């Protein structure tokens, strides 16, 4: 083994304003790590991510002629890219940077034992330094992107996304599982806030979609397979004739929407004659906009029960603690529509809280002025819905009457059902995008990256991400379009270079890595007359499943080479004084 | 109490009645110089929901109102409280005392 020339590594230790330094003795860690070979500069900062701390570090890289940087702070999820960029500003290759997490893994995890938290921090920092000492500069791989997008779901969000992408000159494959496009909105009649006809909205969009040369609409079609990666996905879809079509797209927009909560039999009278859900009432009104009839009988009074299926515990895999956002406004709006048909129809709204937020507040007020009466019930005392000789009886303790029980005998009971995620997990399974505790697709960051998923190049739009009203769905769909377009219009994408590579001199082509790789990234090539494996860096995601299965130790992941990992383990088990 | 959905329509035959925007704040009650027993907000809610018995029980209160406008002038929701009380009196005159229209 040849002696490597010593490295010049700088270590910055963050106190995170006490988040770290209240439990980890940052000065002690600094003093200890400064004794480490290869470490030529150390510093402690109140906030390593602050502009001033970063600038000092950039200065330090230059003045001390550093060739490797370690920052000991928070999770790399938060600031890996921040400090890579800092390292680059100092004139180094960004992959000469290592992040050590002494907040989530030390100070936050071991608040009960400060000396142990400090000792663990020191061990982790030593491992980080050891890894950096063996780091090599890596270059990101630039690959071309395909200016085509697969949009899944032709509801309001998907249709709108397809048109917006087409406007930008990007070709769209729009697939819809149902035999007709339009989703929920097509069946819902007049929709708030501007009282437009849902069918009309959808028809206009579908007509426009069909007129576009760069949009192909596939009905009755489902996604079955996906491979490849950002910029170049290979997907397979199955048409109603069971034909499989292969498509090559640069990005995928998931706009699969939601399902309406289906009440359990007997829940608030569900199953009794005259008890319907909000979408059923909407469809009833859409089919007969002039008269309100249910099963041939004129409806003279209605009781609405709000928050059915929303804002409750639900199950472990489907936490329904969320508010479904659209139902209060939709029901207030429907009340104004019914008052418009016949002001004599009495409407009683049994609610927990009214959330006609923002501009929709005016709809609630219109409903009030139209004669709707709102009765507030507590979560602990939900209304009861029963039937006496075919007459519906609704009992509720009205909080606005100090809990006095009010008995209604309406012709129709409307359960204002919220949104739940789609049961069908096929899209999530094929695309490998995560699902949140509520069962909806999970975004990377709720505030800052609301339409991106952990799968680069796959975006979520509309109510597939969580309950949204129509306008909000379209807004989110436009956000997904802008993310997809920003990616594709640039024409290329720079991929993370931390991918696997094979040493062809060691490889004996045993096939083990091929079987271990879930991304089909291993190719069989010729190397001086013998067959060896080669990793397609474009397909590889650097997850390393191939590394431990190789009997010859011929495979390693760049940035996490076998030597680096071994040196990290050695550093971790080193004595701590 | 059982709701009579047609009660409001009958009350309105006696004049204008509108308390739809009442938000149950209670300013009316706090300001009433007579300190009437029943909250106007509660009385109006009986009307809106449709509870003829509860309204009839409050006949005394409805007729002891001074119509001084103290509550109405200060109602944050702008409910025409005194007009509503007048309408209720007309209603009671008809339904309970069977007085013919003048």
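Here, each number is a calculation from the coordinates, and none is a lab measurement. None of these values were measured; they are calculated from a predicted model. In this analysis, Cβ positions are derived from the backbone assuming ideal geometry, glycine residues included, and neighbour counts consider all displayed protein chains.
Computed over the Cα atoms of region A:369-442, what is the ratio Rg over Rh, Rh following Kirkwood? Before the final figure, lay out each step's value.
On the way: Rg = 19.3 Å, Rh = 15.9 Å.
Across region A:369-442, the Cα-based Rg/Rh ratio is 1.21.
Considering every residue in B:2-9, what mean count of other chain Cβ atoms within 10 Å of its Cβ is obtained? Provide the component values of the computation, followed by the final result.
Details: counts 7, 12, 2, 13, 4, 1, 3, 4.
Per residue, the number of nearby Cβ atoms from other chains is 6 on average.
Just checking the output field for A:16-29: average partner chain Cβ neighbours within 10 Å of each residue's Cβ? Can you show the working numbers first?
On the way: counts 0, 0, 0, 0, 0, 0, 0, 0, 0, 0, 0, 0, 0, 0.
That works out to 0 on average.
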Can you pull the one-decimal nm distance between simple spin-label points at residue B:24 and residue A:478, each 7 Å off the Cα toward Cβ?
3.8 nm
Please compute the alpha carbon radius of gyration of region A:144-185, then divide it by the globular-protein estimate 2.2 N^0.38 Å. Two decimals is fine.
1.18
What does the convex hull of the Cα atoms of chain B come to per residue, in Å³, rounded to a whole number?
97 Å³
Computed from the beta carbon distance with a Förster radius of 60 Å, FRET efficiency for residue A:225 and residue A:113 to the nearest 0.05 stands at 0.75
Compute the helix-to-body angle for A:51-63: its Cα long axis versus the longest principal axis of chain A, expressed 0 to 90° and rounded to tens.
20 degrees
Degrees separating the helix B:40-49 axis from the principal Cα axis of chain B, which is the longest one
40 degrees
Potential extension, residue A:197-residue A:317 segment - 0.36 nm per residue separation minus Cα distance
39.7 nm
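So what is the calculated 222 nm ellipticity per residue for the protein assembly as shown, using -39500 (n - 2.57) for each DSSP H run with n of 4 or more, over all residues, to the nearest 500 deg cm²/dmol?
On the way: 21 runs with 216 residues, N = 679.
Result for the protein assembly as shown: -9500 deg cm²/dmol, rounded to the nearest 500.
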Cα-projected label distance for residue A:43 with residue A:365, points at 7 Å along beta-carbon direction, nm
5.7 nm
For A:337, A:33, A:576, what's the fewest-to-most ordering of other Cβ within 10 Å of each Cβ?
A:576, A:337, A:33
With label points set 7 Å from each Cα along the Cα-to-Cβ direction at residue A:395 and residue A:213, the distance between them in nm comes to 7.0 nm
Helix A:562-573 sits off the longest principal axis of the Cα atoms of chain A, rounded to the nearest 10 on a 0 to 90 degree scale, by 90 degrees
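Can you tell me the relative contact order of chain A? Whole percent, Cα pairs under 8 Å, sequence separation 6 or more. Before the final figure, lay out the partial values.
Numbers: 1223 pairs, mean separation 79.5, N = 577.
Worked out over chain A, it gives 14 percent.
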Label-reachable residues, region A:45-63, where backbone N falls under 15 Å from a point 7 Å from residue A:27's Cα toward its Cβ
A:45-46
Mind ordering B:53-59, A:102-108, A:385-391 by average Cβ neighbours within 10 Å, highest first?
A:102-108, B:53-59, A:385-391
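So how do A:252, A:538, A:338 line up by other beta-carbon neighbours within 10 Å, fewest first?
Working: A:252 27, A:538 17, A:338 20.
Final ranking by Cβ density, sparse to dense: A:538, A:338, A:252.
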Using 0.36 nm per residue of separation minus the Cα-Cα distance, give me the extension gain between residue A:288 and residue A:167 in nm, one decimal.
39.9 nm
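So what's Rg/Rh here for region A:499-557, counting alpha carbon atoms and using the Kirkwood radius for Rh?
Details: Rg = 10.0 Å, Rh = 11.0 Å.
Taking Rh as the inverse mean 1/r over Cα pairs, Rg/Rh reads 0.91.
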Please compute the Kirkwood hydrodynamic radius over the protein assembly as shown, one decimal place, Å, based on all pairs of different Cα atoms.
30.4 Å
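Given 0.36 nm per residue, what is the gain on full extension from residue B:77 to residue B:31 after removing their alpha carbon distance, in nm? Each step should come with its number before you reach the end.
Values: separation 46, 0.36 × 46 = 16.56 nm, distance 1.50 nm.
Computed gain between residue B:77 and residue B:31 is 15.1 nm.
What average count of beta carbons from other chains do you get within 10 Å of the Cβ of residues in A:397-409?
Details: counts 0, 3, 1, 7, 10, 2, 0, 7, 2, 7, 5, 5, 4.
Taking all residues of A:397-409 together, the mean is 4.
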Within region A:550-564, what residues put their amide N at less than 15 Å from the label point 7 Å along the Cα-to-Cβ vector of residue A:572?
A:560-564
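Sorted from fewest to most neighbouring beta carbons within 10 Å, what does the list B:46, A:306 look like? Present the calculation step by step, with values, prior to reporting the outcome.
On the way: B:46 23, A:306 27.
Ranking B:46, A:306 by Cβ neighbours within 10 Å, fewest first, gives B:46, A:306.
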Tell me, rounded to the nearest percent, the portion of alpha carbon pairs in region A:260-418 spaced more than 28 Å apart.
14 percent
